[in-house]
Structure formats: C-alpha cells, structure tokens
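Below: the structure, in structure tokens.
The values are calculated or read from the model by the stated rules, or taken from the named source; none is laboratory data. Quick caveat: nothing in here was measured; it's all calculated off a predicted structure. Cβ placement follows ideal geometry from the backbone for every residue including glycine, while neighbour counts extend to all protein chains displayed.
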Amino acid sequence: MTGNVSKDSKGSIHCKYENFQREDKLMTDVTDMKDFLSIGELASMTGVGVHTLRVWEKRYGSPCSQRLPSGHRRYPREEVPRLRAIASALESGYRASKVVRASMEELQRMIGLQPFIEAKSETQSAGQAELMSQEMLIESWVRSVHSYDDDALLSGFHEQWGRHGALNFVVNFAAPLLERLGRGWETGELTVSHEHFASECMVSFLSEKWRQMNIRKQGPTVLIATLPGEAYSLGILMCAVVTSVTRFKVIYLGRDNPLEDIVNAAKNYKPEVIAMSISHTFSPATAESLLFKIRSEVSPKTLMVTGGKGSPCGIPEVSYLTDFDKYYDFLIDLDQEEDLKV
Ligand code: B12
C-alpha cells in the first residue's frame, strides 16, 4: 500500500482523503505517480468502463479516487485485481450493490461459499464459477508475487496440481499465470524483479515435478530442447511436464542448444519425437531456417513438433501445435501406433 492508501481489517482499500468532500481529495504530492492510474488506464486494465467507474464512485464511494490539482481522477494500482474480480462477479450474475464495495477476501469468500445464487442456469454457473475461481486464484498468486511470498506461491501451485492434475495445471493455471504476469509487467503493475521472482518459482516447481515423473521410465523417448539463442525455458518445462504424464520418457536438453548438439543427440538416442518451444524473441525467418536444418539432418523416422509464440508453421514434416492439450493428444495417438507398442 502507498502512503495515501490503506487497508482496513476486512482488506477494503481506503484512501487517506476519502472522508473529505470531493474538493478536499486533492492529490498534491505527485511524487509516487507510478502507483496511481488514470480513469482510462483503470478502465482498460479491468474492462470496467470509464462511465461505470464514475457512477460507482458517486453511488458507492468505490473505487475511491483522488484528484489531481487539475481535477483529474487518480486510482491506486491496488484496485486493479479487485475490480477484475468485481467484473467477473457481475458477469456471473451478482449485483453491483453487492460487490462494488467488497474487498478481495469478501469476493473470494462469496464465490467459495455461496456460488452464483443469482446466476442464470446451473451449468452456466458451474462453468463460470470454475472460471471465476481460477481467475481469483491467479490474482491471489499475483498478490504473492507482489509480496515476494514464495511459500504461498509454491504451496498454491502444489495445491492446484494435486487438485487438477499435471495437464490441467499447465493449461489452466501455469499458462494463464504467465499471461497475467506479462500483462502486469506491460502495464507497470509488476516490475522486472516480480517477473523474475515468479518465473523462478514456476521453473523450480515444474522442473521438480516432471523429473519425479520421469524417473525409471522405459517408454519411447521425446527429446526436448530449444533452438540456439533461446532465453525462455518455461515452454520446454511445460512440455516436459505434459510429456511425463504419458508413457514417453523425456530427454531434456534445456534451452539455448547449439544446433549440432540437438542433431547429434537425435542421431545417438533416436527419439520418437523432438519437441521444441520457440519464444516470441525469434524472427519467423530465423526459426524457420534453423528448423529446416534440423529436419534435414535428423532421421525422417523422428517426428518434430514445435509450439510457442515464435514458432513458424507450415514447415514440411514439422508439426506446429498451438497448445499442450493438442500435444498431449498427439502423444497419446502416437503411442497407439503399432510399432511403438512394446
Ligand atoms: C516468464 C517471462 C520472462 C522470464 C523467462 C524465464 C524463463 N525461464 O523462461 C524472464 C524473467 C527471463 C523474462 C525476461 C524478459 N522478458 Co519476458 N516474459 C515472461 C512472460 C511472463 C512469460 C513468457 C513465457 O514463458 N510464456 C510461456 C510460453 C511458453 O508461452 P507462449 O510462447 O505463448 O506459448 C504458449 C503455447 O504456444 C504453448 N507452447 C509453448 N511452447 C510449446 C511447445 C510445444 C511443443 C507445444 C505443443 C506448445 C507450446 O504453451 C504456451 C502456453 O499456452 C511473458 C508474458 C507473456 N504474455 O508471454 C513476458 C514477455 C515475453 N517478456 C517480455 C519482455 C519485454 C522481457 C524482457 C525484455 C524484460 C526485461 N526488461 O528484462 C526480458 C528479455 C529476456 C530475453 N533475453 O529475451 C515481453 C515481450 C514483449 C515483446 N513482444 O517484445 C513479454 C510479452 C511481457 C510483456 N507483456 O511485455 N521474461
């Protein structure tokens, strides 16, 4: 919390000047402006319209803004996750009067204990409940990232992994968390260190998990690697986790491999598949020429699959897969093929 904002025992956010008349809520100290957002920024980060934000403030006193000497509103950044949760609650059928003043904890409690009394149909509410609780959970992880609380973050990962299983964890929790961190970084809500901190927690969690599952496996093999020059490793870690859920054994080369090492490993260990993750940092032309080279040097019996934001598609004999659900199906189908059966 900044000097001008505080939380009460319920976790509701208050600003220092909120009991004063509007003209007294002037922000004169603008030294910490990065902690505040304009109404337009708040609207675009939360999906709650500018007009609605003004109406809510007038009607419910929340979200509470402070005024610049020019009269423009400024909102504490801490309002972003709460307003996102409010937007989800409204979509699920709750009334504004019930949720606009609620704290994050109250919103979470509402969803946990009293799901969607006002929602339209049972199936719709079940789906929305799941989506909403997933979003809230990710917001709670983001709060742990804000406070560099690795115990909370890792125990949250363990809990969801145990509850939903490896594949669902990757698709529905790990990937959306990374997207959310990216948005937070982009808007200035999170710093580079927050992103590094969260990535490190995710890297160590996923590494430990896939390695446990890969121990003493005898199945057909998948060689997992990235192209030379790759800085990102979370894609291949998720790939290793999903591979480990199947009968396939992982040979993990990690990131940033010289091309000839990938080719040599493939020649020596004859994997059924080479799987690669290619981040946005690659230009399509570079990624394409590297993949062509590997494809031409590795046995045609070895299948190649790629994914990730920087992955080109349409390369002959290299399958581009958009997500890990498809990758999982691909491995399961491959495992059914006669010549892979032991
Ligand atoms: C984690 C992260 C980092 C970590 C990486 C840690 C690690 N060990 O990998 C660290 C901290 C190192 C980092 C650093 C930086 N980052 Co960064 N980072 C991210 C973040 C949050 C997640 C990236 C990630 O790993 N995503 C997971 C991958 C795998 O997702 P994906 O490519 O979309 O792939 C999906 C699917 O295609 C599929 N998939 C992926 N691979 C594969 C493979 C197979 C086989 C299959 C089937 C499927 C599949 O799964 C994914 C999930 O659905 C993104 C935010 C974002 N929205 O992406 C920013 C982001 C990529 N980073 C960004 C930036 C700017 C940086 C830095 C420049 C910041 C800085 N100033 O230091 C540096 C540059 C690093 C470098 N040398 O290039 C920007 C890039 C903007 C741009 N377009 O240029 C982003 C988009 C954040 C943002 N919104 O601004 N970053």
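Scanning region 269-292 for residues that are part of a helix (DSSP H, G or I) and either surrounded by 14 or more Cβ atoms within 10 Å (Cβ to Cβ) or of a type in the set (D, E, K, R) (or both) turns up THR286, ALA287, GLU288, LEU290, LEU291, PHE292. The residues of region 181-201 that are in a helix (DSSP H, G or I), more than 8 Å from the ligand (Cβ to nearest atom) and not small (Gly, Ala, Ser), listed by number, are THR187, HIS194, PHE197, CYS201. Would you mind stating whether ARG255 is touching a residue at least 24 places away in the same chain (Cβ under 8 Å) and surrounded by 13 or more Cβ atoms within 10 Å (Cβ to Cβ)? Judged against the criteria, ARG255 is a match. Could you go through region 208-231 and let me know if any residue there is in a helix (DSSP H, G or I), at pLDDT 95 or above and either within 11 Å of the ligand (Cβ to nearest atom) or β-branched (Val, Ile, Thr) (or both). Looking for residues that are in a helix (DSSP H, G or I), at pLDDT 95 or above and either within 11 Å of the ligand (Cβ to nearest atom) or β-branched (Val, Ile, Thr) (or both), one finds none in region 208-231, hence no. Just one of the listed residues (LYS58, LYS34) is part of a helix (DSSP H, G or I), within 27 Å of the chain's Cα centre (by Cα) and not aliphatic (A, V, I, L, M), namely LYS34. Contact map, region 276-290: residues that are over 24 Å from THR221 (Cα atoms) and touching a residue at least 12 places away in the same chain (Cβ under 8 Å) paired with residues that are within 12 Å of the ligand (Cβ to nearest atom) and not β-branched (Val, Ile, Thr), Cβ distance under 6 Å, separation 6+ or inter-chain. Pairs shown: HIS280/LYS309; HIS280/GLY310; PHE282/GLY310. Name the pairs whose Cβ atoms lie under 7 Å apart, with the first residue in region 168-197 and surrounded by 14 or more Cβ atoms within 10 Å (Cβ to Cβ), the second not in a helix (DSSP H, G or I), and 6 or more positions between them or separate chains? Filtered contacts from region 168-197: VAL171/ASP323; LEU181/LEU190; GLY184/LEU190; GLU189/ARG77; PHE197/TYR148.
Against the conditions (1) in a loop (DSSP other than H, G, I, E, B); (2) of a type outside the set (S, T, N, Q); (3) within 9 Å of the ligand (Cβ to nearest atom), ALA175 satisfies every one except (1). The single condition among (1) in contact with a Pro (Cβ under 7 Å, 6 or more places away or on another chain); (2) within 7 Å of the ligand (Cβ to nearest atom) that ASP256 does not meet is (2).
Kindly establish whether VAL245 is near the ligand (Cβ under 10 Å from one of its atoms) and under 19 Å from VAL170 (Cβ atoms). When the stated conditions are applied, VAL245 does not pass them. Being near the ligand (Cβ under 8 Å from one of its atoms) and either buried (at least 19 other Cβ atoms within 10 Å of the Cβ) or of a type in the set (A, V, I, L, M, F, W, C) (or both) is the filter here; which residues of region 299-332 pass it? Across region 299-332, the qualifying residues are VAL305, THR306, GLY307, GLY308, GLY310, SER311, LEU321, PHE324, TYR327, PHE330.
Quick grid of which residues meet (1) out of contact with any Phe, Trp or Tyr (no Cβ under 9 Å at 6 or more places or on another chain); (2) closer than 22 Å to GLN212 by Cβ; (3) not in a helix (DSSP H, G or I):
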| residue | (1), (2), (3) |
| --- | --- |
| SER244 | no, yes, no |
| ARG247 | yes, yes, yes |
| ASP256 | yes, no, yes |
| ILE262 | yes, no, no |
| LYS267 | yes, no, no |
| SER299 | yes, no, yes |
| GLY314 | no, no, yes |
| ASP329 | yes, no, no |
